[in-house]
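Engineer: Have a look at this one before I ask anything.
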Amino acid sequence: MNINWLINTILIGMIPILIRGVIYFATNGVVDELFVASDFIILGLVIHISIINEANKVEKRSGNKIEVLSNISSLFVISYSIGYSLTIYNEKLNVDMEVLTASSQGLCVVSALIGYVIMQRLTYIENPECEVTE
């Protein structure tokens, strides 16, 4: 379950990044930037909203209280929301978009790793006798 979740979530979250890449290469670089913060922020939001959803499903099925997992993801959702707000108001607030893009990329890597670990844990909670590493 966890490998499929990770692949599907990452692929869906990467749709804006992939579309921007296709446009960038199809137009020979007419689009100024290949990577922008908002695309990575969307990826991070998709990852953590998916984690919250999966945690709630597992909690309902197994009866285990796993609020900590949802709370961690909620903190990341708040962080990504702040980042997205900064991308919207970057001109008025004089935000350094290179720093915001680099930090959102780093957060996405951390989010993907957290997502993988959490999915491992949720798989174990649901089915303790199964192998957690696929």
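Engineer: How much of the calculated P(r) for the chain lies past 17 Å, in percent of all Cα pairs? Let's see the in-between values first.
Structural biologist: Numbers: 5501 of 8911 pairs.
Everything past 17 Å amounts to 62 percent.
Engineer: For I72 and I23, what is the calculated FRET efficiency with R₀ set at 25 Å and r taken between the beta-carbons, to the nearest 0.05? Please report the intermediate quantities before stating the final value.
Structural biologist: Details: r = 34 Å, r/R0 = 1.36.
E between I72 and I23, to the nearest 0.05, is 0.15.
Engineer: Quick one: angle between helix 97-126 and the longest Cα principal axis of the chain, in degrees between 0 and 90, rounded to 10, please.
Structural biologist: It is inclined by approximately 10 degrees.
Engineer: Let me ask another. For the chain, what relative contact order do you get, as a whole percent, if you take Cα pairs closer than 8 Å and at least 6 residues apart?
Structural biologist: Relative contact order here is 33 percent.
Engineer: Charges only on Cβ, +1 for Lys and Arg, -1 for Asp and Glu: so what's the dipole of region 1-98 about the Cα centre, in debye to the nearest 20?
Structural biologist: The dipole of region 1-98 has a size of about 540 debye.
Engineer: What accessible area, in Å² to the nearest ten, does a 1.4 Å probe give for R20?
Structural biologist: R20 exposes around 60 Å² with every protein chain in place.
Engineer: Expressed as a whole percentage, what fraction of the accessible surface of the chain belongs to carbon and sulfur atoms when a 1.4 Å probe is rolled over the protein heavy atoms?
Structural biologist: Reported share for carbon and sulfur atoms: 63 percent.
Engineer: Would you please state which residues of region 94-118 a label at E33 would reach in this model, taking the label point 7 Å out along Cα→Cβ and a backbone N cut-off of under 14 Å?
Structural biologist: Within reach of a label on E33: 94-106.
Engineer: With a probe of 1.4 Å, find how much accessible area the chain has per residue, and write the answer as a whole number in Å².
Structural biologist: Normalised by residue count, the accessible surface of the chain is 60 Å².
The values are calculated or read from the model by the stated rules, or taken from the named source; none is laboratory data. All of these numbers come straight from a predicted model, not from anything done at the bench. Cβ: placed from backbone, ideal geometry, glycine included. Neighbour counts: every protein chain shown. Only protein heavy atoms, including side chains, enter the accessible area calculation; ligands, DNA and RNA are left aside. Shrake-Rupley method; radii C 1.70, N 1.55, O 1.52, S 1.80 Å.
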